[in-house]
Amino acid sequence: MTFNDPFFARAIIFSVSNAVSSTAPNVSPSTTSSSTMTTTTSAATNTSTTSPSSTTTTTTISTTTTTTITTTTTTTTITTVITCSPPCLNGGTCNDAGICSCKGHWTGTTCANCGCQNSGTCTSTGGACSCVGKWTGDTCSTCGCQNSGTCTGTDGACSCVGGWSDSTCSTCPCLNSGTCGSTGTQCTCVGGWTGPTCSTCPCQNSGTCTSTGGACSCVGKWTGDTCATCGCQNSGTCTGTGGVCSCVGGWSDLTCSTCPCLHSGTCGTTGSQCTCVGGWTDSTCSTCPCLNSGTCGSTGSQCTCVGGWTGPTCSTCPCLNSGTCGSTGTQCTCVGEWTGPTCSTCGCQNSGTCTGTGGTCLCVGGWGGPTCTIPPCSTATCCSTSGCIACYDGSTFAYCRYASDASSSSTTPGDPNFSPRSGYLIYDTNGRYSGNPDPHIPCTTDVNSGINDFNLDNADNVIAC
């Protein structure tokens, strides 16, 4: 027997056991049996009538027959061995169709391919998958990492998210009320805690981390997620462990947001108090230090002074030459002919000078009067009472005074008892002329010339006529 199959060679083996002929004919070779059969025939009469075209026969038989039949069956077994080419591997077997039937997860024409995924391997016996890392399942297609973790790399190790840890991402290591999530790379921390496991407290300036909330618990005026921002305003600074505001420029209150400056004073960004104007002082510009009737204002940098007083607090009197400061006006009160804001200007004219503590004028060149404004005589003729004055000796006395004669009871011009003799003109200290000049007597530079009947004592600048 021959099979013309290009891929298979088939061998047929026949096995025949005890081929024996049977005593009974027509017995199937596949069955062996033994039996006894008894047949009884009763006598009968058969009558046959023959017509012209037929014959009728009548037979009578009475016979008893016993027959014994022995049957021997022959069995034939046919075994067929089919071999695949190329041969099946990894425990695979050829089926009746000449195709490899693979074990476990071996696949392919010859069962040479392993169907395990994610670097899993097929075992050599049953073909079951041997998975790596945390890959599981029949074909290693299921990742055993928990809490959204993923199997990575050729070793199938778990890559955890949200802070989860251990080999299967089943342990949450978060501290201080931190929680694990399903995204990110670390714990979700509260109360200011930071770090992969919420174990680091970044709070600065004596701030503390808490178990709730989202930020540090700060002290004083420190603010921000990590207490790194000072809440003091207007250039104030947080100081000490308590974080109390240290204000500058006059600012006050807990956050340096209130300006207490009075009288147009202003708060600044430096210094320790208000910037005051108009002479006002102290930390809030509430004190007026002005002296001597000076007043504080709303502009400028110092007091408004009166009576000649000067200085930031009107405490300086700049008056010269015995001048004095007062409580009114704008300048000094001067003596004599001294004038000006500080009594530093002499009012004497025509080169006259102020002398002594009284500030009287000392005239020169024949000029006379309180301020040296009366001109000298220019001729040798005595003038009228509105005339001029000439010094007898060319000296620089201011004017004639204390002139008298021997018969006078007074030596003071202007006194009712003063009556100089006619022919003499005296200009007294009050600016008055006295005497009755004789216009026919020429003036002389010698006070005693031409005078016969009287004597002048203490005569200065007497015009003799």
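The values are calculated or read from the model by the stated rules, or taken from the named source; none is laboratory data. Just so we're clear, the structure is a prediction, and the values are computed from it rather than from any experiment. Cβ sites come from the backbone with ideal geometry, for glycine too, and all protein chains shown count toward neighbours.
General remarks:
- Checking Thr168, Thr179 one by one, the residue that is without any contact (Cβ under 8 Å) to a residue 24 or more places away in the chain and outside the structural domain of Gly115 (by TED's automatic domain parsing) is Thr179 and no other.
- Within the range 313-332, the residues that satisfy the criterion of being in contact (Cβ under 8 Å) with a residue 24 or more places away in the chain, surrounded by fewer than 16 Cβ atoms within 10 Å (Cβ to Cβ) and under 56 Å from the mean Cα position of the chain (by Cα) are Ser315, Thr330.
- Taking the conditions (1) more than 30 Å from Leu89 (Cα to Cα); (2) touching a residue at least 12 places away in the same chain (Cβ under 8 Å); (3) not hydrophobic (A, V, I, L, M, F, W, C) in turn, Thr125 satisfies each one other than (1).
- Unique residue being surrounded by 14 or more Cβ atoms within 10 Å (Cβ to Cβ) and in contact with a Phe, Trp or Tyr (Cβ under 9 Å, 6 or more places away or on another chain) when the list is Ser286, Ser252: Ser286
- Exactly one residue out of Gly326, Gly249, Gly307 is farther than 30 Å from Gly356 by Cα and not in a strand (DSSP E or B): that is Gly249.
- Scope the range 303-312; condition surrounded by fewer than 19 Cβ atoms within 10 Å (Cβ to Cβ) and in contact (Cβ under 8 Å) with a residue 12 or more places away in the chain; matching residues: Thr304, Pro312
- Residue among Gly279, Gly300, Gly268 that alone is crowded, with 19+ Cβ neighbours inside 10 Å and part of a loop (DSSP other than H, G, I, E, B): Gly279
- Strands (runs of 3 or more DSSP E) lying entirely in the range 139-241 (those with 3 or more residues that are over 28 Å from Ser257 (Cβ atoms)): 150-152, 157-159
- For Cys116: the one exception among (1) surrounded by 17 or more Cβ atoms within 10 Å (Cβ to Cβ); (2) within 25 Å of Cys88 (Cα to Cα); (3) out of contact with any Ser or Thr (no Cβ under 6 Å at 6 or more places or on another chain): (3)
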